[in-house]
Amino acid sequence: MTDRFKLFTEHCTNLEVLNISFDMQDPEVWDNLSTLVRRNPRIKSIDILDVSFKPPPKAFLEALSACTGLRKLKARMDEPDGIEMELILDIAIHLEHLRIYGSNIFLPKSLDKWSCFPVMKQLKLNADTDFPIPLEIFRKCPKLRTLTWRSSEDMSDSVFDLCELLRIHCPLIETLTLFSESLTDMDLSLVLDSCREVTSLSIYYPMFGEQAFQSLSRLFPNIRQLNFKGCRGLTSAMAQQIMTSCPNLIQFSGASLKARDLLGLVKDEVTEEEKMVTQDWIWLDSLSSLKQLMVLDLSGGLQQEMEEQDVRWMLEAWPKVSRVSGILHPNKERLEKLCQILQERKVDSYSYSISDNSTDVTSGEDTEQEEEEEEDENEDEDEEEEPTMG
C-alpha cells in the first residue's frame, strides 16, 4: 500500500478535498501525506481519521500550516501535546471550519500569540478541555456562526462569561450545540436569553426544564432544527408547543416522548383505549402547518403506539418528511406494517420493537453513527459530497 500511495502522492497535484481514514502507524505514510499536502496548494478541506486516534506528527501539521488556502480541518486525536495544539492554532488562522474531538485535549495556557481567527465560521470542540481557554478562543472568532462545545469540566461558575460571549463577541451564531451536565435549568435559561440569531439548537442537559423552555420560546419564530435527545426534562406538552409554534421547523428530535401525545390521541374515559376524538382534530390542524418538517426523531425510553392512521396522517400533513425515528410500536408485526407504509412513500425509518426483553431493529443504522452523520449533514448541507481516500 505504501508504494502505491507514494506513487500517488508524486503525481497528484490538483486535490481540493482530502479525507484520510486508515491506520497510520507507519511514519512513511505520514511523510507521504506531508508531501501530498505540499504538492497540492489548492487543497481546501482535510478530514483526518487515524484509527489509533494518535495526533498527526509535527511535520504533517507544519505542512498544513503552510497551506494558506485550507479552509476546513476535521481531526480526531487523543492527548496532543502543547506543540501540536499550537500548530493546529497556527493552521486555524486561515480556517473557516475547525472540528477537533478526542480526549485529554488541553490547549496552550496563553493564546496571546493568536490575536484573531478572522474567517472562522464553524468551531467544534468535542473534547475534555479546560473551560476558560475555549471561551478565549471563541472570543477571537468574530464571524463565528456554528459553535459546538463538549466539556467535562464544571461550567456553572462561568455562565455569565458564556452569555457575554454570545451577546457581544459572537452575536452571529446560528447553530449552537452544548454538552455539559453541570448547568442548571436557570443557567441554560440565561444562555438561551443571550442567543439572538440561533436557528439550530442541540441541547444535552439533564437539567433542562421550564425556565430554559420559556427562554427557548423566544426563538420559536426562526427555529429550523431542534435536538433534545439528551434532555430528559423535555415533556410531551413542551413538544406540542414547539411543533405548533415553530413554523419553519424542518427537524425535531426528542427523547422519552410519546408520539400519540404529539398527535393528540387521548384515552376514552369509558373504555380507557386511546382514540382520536373530534376536538383533537384542532390539534392535528395545528400540526399540519409544519409543511417544512423533514425529520421527526422520537427516540427515547417510552414506547409509542402509533397506528396506520397516525402514519398516513403524518405523510399527508408533512409532505417533505424524509425520516421518522423511534419505537413506533412495541408489537413487531404492527411495527413492520408501519415501516412498510413509510417505505412505500420513500421515508426512512429507524424503528424498534420491544419483545422478550430484547430490541429488534426494523430498519436504520446505529444510533451513535446516525447522530454523528446527522451533525455532519447539518454542517455541510450546502456543500457538495466529498470523495474519501483510504
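The values are calculated or read from the model by the stated rules, or taken from the named source; none is laboratory data. These figures come from a predicted structure and were not determined experimentally. All Cβ positions, glycine included, derive from the backbone under ideal geometry; neighbour counts span all protein chains shown.
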Problem set entry | Top-ranked residue of the stretch 92-106 - restricted to ones that are in contact with a strand residue (DSSP E or B) (Cβ under 9 Å, 6 or more places away or on another chain), on the phi < 0 side of the Ramachandran plot and part of a loop (DSSP other than H, G, I, E, B), ranked as surrounded by the fewest Cβ atoms within 10 Å (Cβ to Cβ) | 96
Problem set entry | Unmet criterion (only one of (1) in contact with a strand residue (DSSP E or B) (Cβ under 9 Å, 6 or more places away or on another chain); (2) surrounded by 20 or more Cβ atoms within 10 Å (Cβ to Cβ)) for residue 44 | (2)
Seminar exercise, completed: Being crowded, with 20+ Cβ neighbours inside 10 Å, within 14 Å of residue 94 (Cα to Cα) and in contact with a helix residue (DSSP H, G or I) (Cβ under 8 Å, 6 or more places away or on another chain) narrows 33, 73 down to just 73
Seminar exercise, completed: In the stretch 36-89, anything over 25 Å from residue 4 (Cβ atoms), basic (Lys, Arg) and in a helix (DSSP H, G or I) is listed as 58
For this session: State all residues of the stretch 135-168 that are in contact with a strand residue (DSSP E or B) (Cβ under 8 Å, 6 or more places away or on another chain), hydroxyl-bearing (Ser, Thr, Tyr) and either within 15 Å of residue 205 (Cβ to Cβ) or assigned to a helix (DSSP H, G or I) (or both); if no residue qualifies, say none.
Result: 148, 151
For this session: Inspect all residues belonging to the stretch 365-386 and state whether any of them is surrounded by fewer than 18 Cβ atoms within 10 Å (Cβ to Cβ), charged (D, E, K, R), over 30 Å from residue 96 (Cβ atoms) and modelled with pLDDT of 50 or more.
Result: no
For this session: Look through 255, 259, 237 and report the one residue that is modelled with pLDDT of 55 or more, under 30 Å from residue 188 (Cβ atoms) and surrounded by 18 or more Cβ atoms within 10 Å (Cβ to Cβ).
Result: 255
Exercise. Only one of (1) modelled with pLDDT under 80; (2) outside any strand (DSSP E or B) fails for residue 125. Which number is that?
Worked result: (2)
Seminar exercise, completed: Selection over the stretch 11-41 where residues are touching a Gly at 6+ places or on another chain (Cβ under 7 Å) and of a type in the set (A, V, I, L, M, F, W, C) yields a count of 2
Problem set entry | Set 269, 181, 210: member being surrounded by fewer than 21 Cβ atoms within 10 Å (Cβ to Cβ), modelled with pLDDT under 60 and among the charged types (D, E, K, R) | 269
For this session: For the stretch 65-76, name all the residues that are within 18 Å of residue 34 (Cβ to Cβ), over 19 Å from the mean Cα position of the chain (by Cα) and not hydroxyl-bearing (Ser, Thr, Tyr).
Result: 66, 67, 69, 70
Exercise. On the given criteria, is residue 171 on the phi < 0 side of the Ramachandran plot, out of contact with any helix residue (DSSP H, G or I) (no Cβ under 8 Å at 6 or more places or on another chain) and assigned to a helix (DSSP H, G or I)?
Worked result: no
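For (1) modelled with pLDDT of 80 or more; (2) surrounded by 19 or more Cβ atoms within 10 Å (Cβ to Cβ); (3) among the hydrophobic types (A, V, I, L, M, F, W, C), each residue gets a yes or a no:
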| site | (1), (2), (3) |
| --- | --- |
| 115 | yes, no, no |
| 134 | no, yes, no |
| 138 | yes, yes, yes |
| 143 | yes, no, no |
| 148 | yes, yes, no |
| 161 | yes, no, no |
| 164 | yes, no, no |
| 172 | yes, no, yes |
| 177 | yes, yes, no |
